[in-house]
Amino acid sequence: PAGGGVTCQPQSACVCVSSGGGGEGGGGPSTAGKGEDEVLLASASFEEAEIRGALKKMACEAMREIVAATGERTDGRSTTQVRPISVEMAPLPPVVHGSVLFTRGETQALGTTTLGDSSMAQRYEDLEGEKRKRFYLQYAFPPFSVGEVGRVGSPGRREVGHGNLAERALRAALPGEDEFPYVIRTESLITESCGSSSMASVCAGALSMRAAGVPLKSLVAGVAMGLLLDESGEGGEPIILTDILGSEDALGTMDFKVAGNEVGISAFQLDIKCEGLSIE
């Protein structure tokens, strides 16, 4: 229309966007008392959650179709390509025994390691009573790492879970207590996040321990793998993604975090958004 508005015919549900004035000559639907560029739900046949779900499904299908047709992901990488990695050793003063700034794409972790005697072991209780850990990793995910403002308090379920995953991944590489009798405390502070901050914590933790002089059996690294399944029923080939982004985690079918070295796997975690994965 001449007024620049967008019109649509009423269906079971439709969305009309008015980009012109709401009165005469505006070219869009008349919306008395409403501002310009407001999205109007023309039918109440669907709930908001259903509409959001349909839009997310469309985005998932579109992302898979683009990758299948071009072989490129949203950031231009191939399905097997890892984002650029940079490592800055000892960015903090030596009062911290070991530190590293690990960056992979837009995910960044500041890893620190401090050492102490046996009295500094972390105490905890389980069903068998009080125990002590000579190595523990603490993971912090402040809101600013994803451009948000929020309350910073005690660790939540997410922080505890990600920290435990990274801790398990690194525990296999620790030296024996006879060889290295110190308590090791490692912290991973996520300063920027766009996919797999827990696996960045594995990399930062191993490097910061090496910087602190811990004689690790080997270095350990971690990466998150993704999967794009054709859920339309047309039988498209599944697409496996290496080093997924935050958007690929949100819109993809799988988030498979795996850590280890060239010898074997020390920890993994699998999240899927489908009913199951076949052996094939």
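Listing for the model above:
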read-out: Accessible-area value, GLU106, 1.4 Å probe, nucleic acids and ligands omitted, Å²; value: 110 Å²
read-out: Per principal axis, descending, Cα span of region 109-257 in whole Å; value: 60, 37, 35
read-out: GluC sites (Glu not before Pro) within region 156-249, DSSP loop, no more than 12 other Cβ atoms inside 10 Å; value: GLU177, GLU179, GLU234
read-out: Dimensionless Rg over Rh [region 185-280; C-alpha; Kirkwood]; value: 1.07
read-out: Surface share of carbon and sulfur [accessible, 1.4 angstrom probe, percent] for region 157-196; value: 47 percent
read-out: Amide hydrogen neighbours beyond the local backbone of GLN138, cut-off 5 Å, H modeled; value: THR186, GLU187, SER188
read-out: Gain upon complete extension [LEU270, GLU148; 0.36 nm per residue less C-alpha separation]; value: 41.3 nm
read-out: Trypsin sites (Lys or Arg not before Pro) restricted to region 184-225 and DSSP loop, no more than 13 other C-beta within 10 Å; value: LYS217
read-out: In order through region 154-160: 3J(HN,Hα) via Karplus (6.51 cos²θ - 1.76 cosθ + 1.60), integer Hz, x for Gly, Pro; value: 5, x, x, 4, 5, 4, 5
read-out: Table column - 3J(HN,Hα) (Hz), region 245-259, Karplus curve with 6.51, -1.76, 1.60, x for Gly and Pro; value: 7, x, 5, 6, 5, 6, 9, x, 8, 9, 10, 10, 8, 9, 9
read-out: Sequence of ASP126, ASP243, ASP178, ASP230 from largest to smallest accessible area, 1.4 Å probe; value: ASP178, ASP126, ASP230, ASP243
read-out: At most 14 other Cβ within 10 Å, DSSP loop - trypsin sites (Lys or Arg not before Pro), region 105-165; value: ARG151
read-out: 22 Å Cα-Cα reach of LYS273 towards lysines, excluding residues that sit fewer than 8 places from it in its own chain; value: LYS56, LYS57, LYS257
read-out: Average projection area in nm² (convex hull over Cα atoms of region 57-133, one quarter of hull surface); value: 10.0 nm²
read-out: Packing-based ranking, highest mean first, of 92-101, 54-63 given that Cβ atoms within 10 Å are counted; value: 92-101, 54-63
read-out: Accessible-area value, VAL152, 1.4 Å probe, nucleic acids and ligands omitted, Å²; value: 110 Å²
read-out: For region 106-173, diffusion coefficient by Stokes-Einstein and Kirkwood Rh (Cα), 10 °C, 1.306 mPa s, µm²/s; value: 112 µm²/s
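The values are calculated or read from the model by the stated rules, or taken from the named source; none is laboratory data. Here the structure is a predicted model, which means the values were calculated and not measured. Positions of Cβ are backbone-derived with ideal geometry, glycine not excepted, and every protein chain shown enters the neighbour counts. To get the accessible areas, we keep the full protein, side chains included, count just its heavy atoms, and leave off ligands, DNA and RNA. Shrake-Rupley method; radii C 1.70, N 1.55, O 1.52, S 1.80 Å.
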